[in-house]
Structure formats: C-alpha cells, structure tokens
Amino acid sequence: AKGQGTNQAVVFDAGMSVEAEERHLLEKELRKALEQEEFEVHYQPLMSTQTGEISGAEALLRWNSPKRGMVSPMNFIPIAEESGLILPIGQWVLNRVCREMKQREAEGWPPVTVSVNLSPLQFDQPYLVEQIHSVVTEHGLEPSRLCLEITESMTIQHVDACIDKLHKLNEMGIRTAVDDFGTGYSSLSLLQKLPISFIKIDKSFVQEAGASTPLVESMISLAHSLGLGVVAEGVETEEQLNTLRRLGCDFTQGYWIGRPVPLDTFNARFPTGKVP
Ligand code: C2E
Ligand code: CA
Ligand code: CA
Ligand code: CA
C-alpha cells in the first residue's frame, strides 16, 4: 500500500506489514533452524513426591538461534503451529528425545520416564499413532518410558477419535497425561472417559497453594478416584513441596527440584535418580 490512500491509511498499513513481515521472517528462520539443527531439548526432573526419587523428566524444546539467542518455545511455537512447521519440529523432538534416552541408558544411568509435549496439530494427525510407534520402535525405546502430554482443549472437539488414539497408545504401552489441568474447559465426565495415566496440575494452582489448598486438594482426590496419577508443576518453594506431599500428590516438578537443562547436565545432577 506504499504511496496510496491517506496518511492515516499508510501508517496503518505499515504497522500491519511490519508484524506480518516479522512473522514471515520468523517462519523462514524456523525452517532454517530445523535444517541446521539449531533446536535442542532440555530436560526438567520429575520427582516422586514421597520418596524424593527422580523418576522422570519433561522434554522441553529450545531454539538456540545464532541471531536471536536462546528463544523460549512460548515465542516460536505459536508461529510454528500457524505455519504447520510444528509437525516436522514435533517429529524432530520425538526423534531427539528417543535417541537421547537410549544414549542415557547406554551410559548406564538409571532409567527415567520422559514426557514429550504434543501440539494440537500433531495430536490431530490421523497417522499420529503409527508415527509414534515407528519412532519408538526405530530407537528401541521401551514404550512405557514415554509419556505424551496433551491439553484438555485437544480432547474436546473430536472426543471419540481422541479416545480411540489414546487407547491405541495405551495398548502400545505408552503413557499419556493431560497437561495444564484446571486451566481449560474441564468436564469431569470427559476426564472420566479419557484413557490417560496422569493429570498435571497447572502451576498457577500450585503456586497459589499456600495455606489454602482446597482446589489442589480436590484435583488430587478427583484424579485418584479415577485411578490417575498426579503431577504438580511449577513447584518453586519448599513450602509448596511440603503442602503437595501432605496432600498426597504423586510427582512434583519445578524450579525447586530442578530447572530444565541439557541431558549431560541432567545426568550429572541426578546420577542416582535421587535429589541430592
Ligand atoms: P508446559 O508444557 O506447561 O511446560 C512447563 C513450562 O513451565 C516450561 O516452560 C518450564 O520451563 C516452566 N517451568 C518449570 N518449572 C517451573 C517453575 O517452577 N516455575 C515457573 N514459573 N515455570 C516453570 P518452557 O520450557 O518455556 O515451555 C513453555 C511451553 O512451551 C510448554 O509449557 C509447552 O506448552 C511448550 N513446549 C515446550 N516444548 C515443547 C515441544 O517440544 N512441543 C510442543 N508442542 N510444545 C512445547
Ligand atoms: Ca508440558
Ligand atoms: Ca504444563
Ligand atoms: Ca502450557
């Protein structure tokens, strides 16, 4: 719209195009990042609340951009989803995680269950189950060592197709978890129908859980009554950890236990599977 219309219109158009250009640029860079292996996976420990044992890790994507530095997934996953790039990126993550977990095993470290975040677009792919099956088989990863994290919103639109997928993953021995539990549209009857293994209580509830904890407490008892395990995320203080322990939360995750780090650091920091 250069040189067209009124002054006002030009300003408006310029503003729009800057944003669109930035998106376009980011998308181009993400494509390149994938080709040039600029992505990394960091691992954050999941601790068994009662024993203090490190029993799992959540795989969290990082973009180490030569131009932008370490970019948070919050700043590029939305663009990756809009452009569809999240599909090859998600595939890359699954491959990398399986490979690194086998590498960890080969080095003799105690086994952990690793959780991988799936985007809604990935979960909606009709060939998701086959894709997961082939990546796990290719790397020879024990399927029960893999947990896939989905969000409530992914399960609402096509409930039956979603349940079918979760059943197939279950049959393969793969675990599934509902992430950010409590933030979305949570229908109790839906939760009851979903063949999942865990819920992850969103950090906003965990961090409010000080003296008054009725919400967290009821989420834990709800999950337990459905036979589901509970992970609390975003644990930043000893007080929060103590509260969760008292409430019978199964697993905890958060900066108090450990930040997301590259695999080598993770291995060195948790050599025995216990929090030092
Ligand atoms: P999420 O799945 O809810 O992951 C938890 C986020 O909370 C992570 O942010 C983690 O670093 C952060 N966190 C962990 N402990 C604490 C704590 O004690 N306090 C606070 N304030 N934050 C904590 P991160 O790594 O920046 O990831 C942000 C989001 O990006 C993730 O949220 C997830 O939705 C998405 N994401 C990350 N990796 C992937 C991936 O491989 N694929 C997809 N589709 N999404 C991913
Ligand atoms: Ca997650
Ligand atoms: Ca979460
Ligand atoms: Ca989230």
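What is the magnitude of the charge dipole of the chain about its Cα centre, with +1 placed on the Cβ of each Lys and Arg, -1 on the Cβ of each Asp and Glu, and no other charges, expressed in debye to the nearest 20?
That gives a dipole near 360 debye.
For segment 41-104 and segment 231-276, what is the centre-to-centre distance using only Cα atoms, to the nearest Å?
Between the Cα centre of segment 41-104 and that of segment 231-276, the gap is 17 Å.
At what distance in nm do the modelled label points of residue 142 and residue 74 sit from each other, each positioned 7 Å from its Cα along Cα→Cβ?
3.5 nm
Give the value in nm², to one decimal: projected area of the alpha carbon convex hull of segment 49-205, averaged over all directions.
Result: 10.8 nm².
Mind ranking 24, 224 by accessible surface for me, highest first, 1.4 Å probe?
24, 224
Can you list the lysines whose alpha carbon sits under 16 Å from that of residue 32, skipping same-chain ones fewer than 8 residues off?
67
Taking springs between alpha-carbon atoms closer than 10 angstrom, which of 147, 249, 162 fluctuates most in the Gaussian network model of the chain?
Of 147, 249, 162, the Gaussian network model singles out 162 as fluctuating most.
Counting only protein heavy atoms and a 1.4 Å probe, tell me what percentage of the chain's accessible area is made up of carbon and sulfur.
53 percent
What residue among 268, 166, 141 has its Cα farthest toward the positive end of the dipole of the chain, where the charges are +1 on Lys, Arg and -1 on Asp, Glu, each on the Cβ?
268
When the solvent-accessible surface of protein heavy atoms is calculated with a 1.4 angstrom probe, in what order do 43, 185, 255 fall, highest first?
Correct descending sequence by accessible area is 185, 255, 43.
Can you tell me the convex hull volume per residue for the chain, based on C-alpha atoms, in Å³ to the nearest whole number?
Values: hull volume 45.9 nm³, N = 276.
Once divided by residue count, the hull of the chain is 166 Å³.
Taking 8 Å as the Cα distance limit and 6 or more residues as the minimum spacing, I'd like the relative contact order of segment 8-137 as a percentage.
22 percent
Reachable aspartates and glutamates from residue 203, Cα under 20 Å, same-chain residues fewer than 8 places away excluded?
Partners found: 58, 149, 152, 179, 180, 217, 233, 236, 238, 239, 250.
Of 260, 126, 143, which is the most mobile in a GNM of the chain whose springs link Cα atoms less than 10 angstrom apart?
126
Under 22 Å Cα to Cα from residue 200, which lysines show up? Leave out anything in the same chain fewer than 8 places away.
Once the sequence-local lysines are set aside, what remains near residue 200 is 165, 168, 274.
Given R₀ = 35 Å, FRET efficiency for residue 161-residue 238 by Cβ-Cβ distance, to 0.05? Before the final figure, lay out the partial values.
Values: r = 43 Å, r/R0 = 1.23.
The calculated FRET efficiency here is 0.20.
Between residue 226 and residue 125, what FRET efficiency comes out of the Förster formula 1/(1 + (r/R0)^6) with R0 = 35 Å and r the beta carbon distance, rounded to 0.05?
0.80
Mean separation of Cα pairs under 8 Å and 6+ residues apart, divided by the residue count of the chain: what relative contact order is that in percent?
20 percent
For 53, 35, 149, 21, what's the largest-to-smallest order of accessible area, 1.4 Å probe?
35, 21, 53, 149
The values are calculated or read from the model by the stated rules, or taken from the named source; none is laboratory data. Keep in mind that this is a model prediction, so the values were computed, not measured. For neighbour counting, all protein chains shown are included, and Cβ atoms are generated from backbone atoms with ideal geometry for every residue, glycine included. For accessibility, only protein heavy atoms count, side chains too; no ligands or nucleic acids. Shrake-Rupley method; radii C 1.70, N 1.55, O 1.52, S 1.80 Å.
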